[in-house]
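The structure under discussion appears below in the form of structure tokens.
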Amino acid sequence: MTILLIENHEDTVTYMKRFLEQLGHEVVVAADARSAANAVNAHRFDVILSDIRLPDGDGWTLMEQIRGKTPAHAIAMSGLGSAGDIVRSHSVGYQDHLIKPFTPDKLREMLKKAELVATHGARRNLQSRSGTSDII
């Protein structure tokens, strides 16, 4: 999958980029909201992993701005983990909310979910165009 990683902490970027690439993903990094918005306008991403606290804004406002421009599965990453924070993430368009710190296994689980959703959605879209459907 092609992943947009929006994170401004260099150590976190280094670790996550290496981890995601070892899993076989292509990773584009944006360190702030402006760079992320530009990347979304220029590329197609399967997944967006975004920190909520960014140097030039927040991930919630960013998602409100880009949600209509990308079908990517969006995952918020934040130390903000109250029920209200999670609800807010979902309300602006994130499908998932990872609370920092999180384990590599938790991130891998979220990426598998994103891949399943994308695969299922693509299959459903193909079936609707061909007029066939599977009942499971």
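Here, each number is a calculation from the coordinates, and none is a lab measurement. All values derive from a computational prediction rather than experimental measurement. Cβ sites come from the backbone with ideal geometry, for glycine too, and all protein chains shown count toward neighbours.
Here are some notes:
- Pair-distance profile P(r), taking every C-alpha pair of the range 2-130, with 10 angstrom steps and integer %: 13, 46, 34, 7, 1
- Ranking of ILE99, ILE52 by count of other Cβ atoms within 10 Å, fewest first: ILE99, ILE52
- CD proxy at 222 nm, helix term only [per DSSP H run n ≥ 4: -39500 (n - 2.57); per residue of the chain; nearest 500]: -16000 deg cm²/dmol
- For ALA31, the shell of other residues with beta-carbons less than 15 Å away shows a net charge of -4, using +1 for Lys and Arg and -1 for Asp and Glu.
- Pair HIS120, GLU10: separation of 7 Å Cα→Cβ label points (nm): 4.1 nm
- Taking every alpha-carbon pair under 8 Å whose residues sit at least 6 apart, the chain reaches a relative contact order of 19 percent.
- FRET E, pair ALA42, GLN65, Förster distance 25 Å, beta-carbon r, rounded to 0.05: 0.95
- Under 18 Å from the Cα of LYS17 - lysines, other chains or at least 8 residues apart: LYS100, LYS106, LYS112
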